[in-house]
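Notes follow once the structure below has been shown.
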Amino acid sequence: MSNKEKYKEKKQEEEILENQDVHESQEADPSQEETEINETDKVQEMGEKLAELNDKYLRLYSEYENYRKRTNQEKADLLFNGSREMMKAILPVIDDFERALAATEDEGVQLIYNKMLKILEQKGLKAMEVKGEKFDENLHEAITRIPAAEESQKGTVVDVVEKGYYLNDKVLRYAKVVVAF
């Protein structure tokens with residue numbers, strides 16, 4: 001074989017190989033479509049996972065925020081009304097002070113009583129003023145009823161047996177009263 005013939009054979013082989021490559025690449029197109037479909041499915045799947053994780057994150061964040069708000073509110077309530085039991089325990093002492101003041105005119109007792117009341121008022125304690133007001137079952141506890149001297153006195157508080165108190169504008173102790181009927 002001459003060089004020309006060898007050269008022609010090589011050329012033919014190269015052409016055959018090129019045709020095979022072209023033919024194979026044309027056959028590869030459907031696989032590329034499958035690859036593109038698979039990639040699209042993967043992207044869609046990743047998007048769904050991202051949405052799911054984002055939803056979980058938002059829910060967790062919301063739960064945490066609610067927990068934080070609830071615990072802050074509980075702490076504020078404890079601080080605001082934490083002295084409730086202590087104030088309830090002191091109320092009988094205040095009642096005794098008032099009885100002692102009614103029995104004597106000692107300036108020392110009056111001074112101590114006034115000082116104690118100022119401190120308790122600073123902490124949120126406030127006495128109810130109920131005499132002459134309409135009876136309210138949410139604030140008063142009726143001990144007894146007496147006949148009214150006048151028509152205008154019906155349903156009003158005539159006498160106070162035990163003072164009622166508010167602590168931070170909530171009823172600490174109901175006033176025990178006598179009501180006219």
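The values are calculated or read from the model by the stated rules, or taken from the named source; none is laboratory data. Fair warning: this is a prediction, and the values are worked out from it, not measured in the lab. Here the Cβ positions follow ideal geometry from the backbone for every residue, glycine too, while neighbour counts run over all protein chains shown.
The figures follow:
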| read-out | value |
| --- | --- |
| Test set (1) within 24 Å of residue 83 (Cα to Cα); (2) surrounded by fewer than 17 Cβ atoms within 10 Å (Cβ to Cβ); (3) touching a residue at least 24 places away in the same chain (Cβ under 8 Å) - residue 119 fails condition number | (3) |
| Any hit, segment 44-52, residues being within 28 Å of residue 168 (Cβ to Cβ), of a type in the set (A, V, I, L, M) and either at pLDDT 95 or above or surrounded by 10 or more Cβ atoms within 10 Å (Cβ to Cβ) (or both) | no |
| Some residue of segment 67-82 being touching a Leu at 6+ places or on another chain (Cβ under 8 Å) and either in contact (Cβ under 8 Å) with a residue 40 or more places away in the chain or of a type outside the set (D, E, K, R) (or both) | yes |
| Residue that is in a strand (DSSP E or B) and either in the same structural domain as residue 76 (by TED's automatic domain parsing) or touching a residue at least 60 places away in the same chain (Cβ under 8 Å) (or both), where the choices are 91, 172 | 172 |
| Checklist (1) touching a strand residue (DSSP E or B) at 6+ places or on another chain (Cβ under 8 Å); (2) outside any helix (DSSP H, G or I) applied to residue 136, failing item | (1) |
| Residue, nearest to residue 81 (Cα to Cα), within segment 139-169, restricted to residues that are part of a loop (DSSP other than H, G, I, E, B) and of a type outside the set (Gly, Ala, Ser) | 168 |
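Every residue, every condition in (1) farther than 13 Å from residue 91 by Cβ; (2) more than 34 Å from the chain's Cα centre (by Cα), yes or no:
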site: 108; (1), (2): yes, yes
site: 136; (1), (2): yes, no
site: 143; (1), (2): yes, yes
site: 148; (1), (2): yes, yes
site: 153; (1), (2): yes, yes
site: 162; (1), (2): no, yes
site: 174; (1), (2): no, no
